[in-house]
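Peer 1: The structure follows.
The values are calculated or read from the model by the stated rules, or taken from the named source; none is laboratory data. The shown structure was predicted, so the numbers you read here are calculated from the model rather than taken from an experiment. Every residue, glycine as well, gets a Cβ built from its backbone with ideal geometry; the counts of neighbours run over all protein chains shown.
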Amino acid sequence: LRTALPVRLSGSQHRARARHSPVQMILDRIDTDKEVRPIRSPWWGSDRTDVINDFQPALTAVSGSVEKTDADALVLGVAKGPEGPILLPNPLADKADKSVADSLQALGASGAADQLLRLPGVDGFKSETLVLIGVGPLTGEPTGGVSLEALRRAAGSAVRQLSSADSVALALPASSAEQVSAIAEGAAIGAYSFNHFRSSEDAKSKTPVSEIRI
């Protein structure tokens, strides 16, 4: 990415870059429940469009019931606890939550960062696939038990590894604006794709997740 940027940016170009940041655009309207679609920034320049993919994932903040969210995959977080993997707070019903939590070790989940497991969808949810993403060790934060950086990295890792899906719902702990911000940042970075110089046709044809719901 750095090699594709202009060497020098003027003051106005820096301001344009900040205004059109995909993360900033969703954070500015995070409580509206409306789709936020970032646009191409003018500082790319017209001669860069043949190198940079048309990176426009739709980032949506969902404040209502996640059961009604129409996404290909529903992502839950798993942390690495002192005595084994721990399922992080999530929107599953109590019975489903207990079933998944009790099965973590049998499924091979460890809670290690970047570990991703795919499971069949849960009854009552529209998503056909339930995904468990590792967030790393518990660090004792009062809201969810994990740090903002852990949430940021987990969101990015999940979106990157689920590039075959068109839409993803991230049901990671998001009870505060800071947590939502961290998840949105990670998701936006994880959805970025730059395959122009890849030699493999399969790699070039891969498309990033186009719709992300938080």
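One line per residue, one yes/no per condition, for (1) among the hydroxyl-bearing types (Ser, Thr, Tyr); (2) touching a Pro at 6+ places or on another chain (Cβ under 7 Å):
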residue: Ser127; (1), (2): yes, no
residue: Thr139; (1), (2): yes, no
residue: Thr143; (1), (2): yes, yes
residue: Val159; (1), (2): no, no
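Peer 1: Report yes if some residue within region 86-103 is modelled with pLDDT of 90 or more and assigned to a strand (DSSP E or B); otherwise report no.
Peer 2: yes
Peer 1: Does region 77-85 include one or more residues that are without any contact (Cβ under 8 Å) to a residue 40 or more places away in the chain and part of a helix (DSSP H, G or I)?
Peer 2: So far as region 77-85 goes, no, none of its residues is without any contact (Cβ under 8 Å) to a residue 40 or more places away in the chain and part of a helix (DSSP H, G or I).
Peer 1: Does region 60-67 include one or more residues that are touching a residue at least 40 places away in the same chain (Cβ under 8 Å), farther than 21 Å from Ala174 by Cα and in a loop (DSSP other than H, G, I, E, B)?
Peer 2: The answer is no; no qualifying residue exists.
Peer 1: Of the numbered conditions (1) of a type in the set (S, T, N, Q); (2) surrounded by fewer than 18 Cβ atoms within 10 Å (Cβ to Cβ); (3) touching a helix residue (DSSP H, G or I) at 6+ places or on another chain (Cβ under 8 Å), Ser99 satisfies every one except a single condition; which is it?
Peer 2: All conditions are met except number (3).
Peer 1: So which helices (runs of 4 or more DSSP H) are wholly in region 147-209 and hold at least 2 residues that are surrounded by 23 or more Cβ atoms within 10 Å (Cβ to Cβ) and at pLDDT 90 or above?
Peer 2: 148-161, 177-190
Peer 1: Okay, moving on. Residues in region 113-120: is at least one free of Cβ contacts under 8 Å to residues at least 60 places away in the same chain, in a loop (DSSP other than H, G, I, E, B) and closer than 18 Å to Ile189 by Cβ?
Peer 2: Within region 113-120, one or more residues are free of Cβ contacts under 8 Å to residues at least 60 places away in the same chain, in a loop (DSSP other than H, G, I, E, B) and closer than 18 Å to Ile189 by Cβ.
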